[in-house]
Amino acid sequence: MANQTEKFKCPLCEGRGELLRSDIAERFTNPELRKRLDARIAEILVAPEMAGAGSKARSFEKEVHSWNPTLPMWLRSSKE
């Protein structure tokens, strides 16, 4: 199982941390970049620990009924 804190090289800068504008333009015109990005995205999505990542869709209409109406206004969330 891959560690979520494991660091990977950026497909654009390849771990250098900075690029010249000309390098960026050259890399974006290279069709090989798209293949590397697609492969990396697929690798991330297949990882089992990433399957539940991200926020789940929430329904305002359902959640509004679970709010505590006796809670003072200044303690409520901005959604309430």
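The values are calculated or read from the model by the stated rules, or taken from the named source; none is laboratory data. All values reported here derive from a predicted model rather than from experimental measurement. Methodologically, a virtual Cβ is constructed for each residue, glycine included, from the backbone with ideal geometry; neighbour enumeration extends over all protein chains shown.
Quick look at the numbers
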quantity: Output for segment 30-61, where each listed residue is surrounded by fewer than 10 Cβ atoms within 10 Å (Cβ to Cβ), modelled with pLDDT of 75 or more, among the charged types (D, E, K, R) and under 26 Å from the mean Cα position of the chain (by Cα); calculated: Glu32, Arg58
quantity: Of residues in segment 1-29 being modelled with pLDDT of 75 or more and in contact with a helix residue (DSSP H, G or I) (Cβ under 8 Å, 6 or more places away or on another chain), the one nearest to Val46 (Cα to Cα); calculated: Arg27
quantity: All positions within segment 62-79 that are surrounded by 10 or more Cβ atoms within 10 Å (Cβ to Cβ) and not in a loop (DSSP other than H, G, I, E, B); calculated: Glu63, Val64
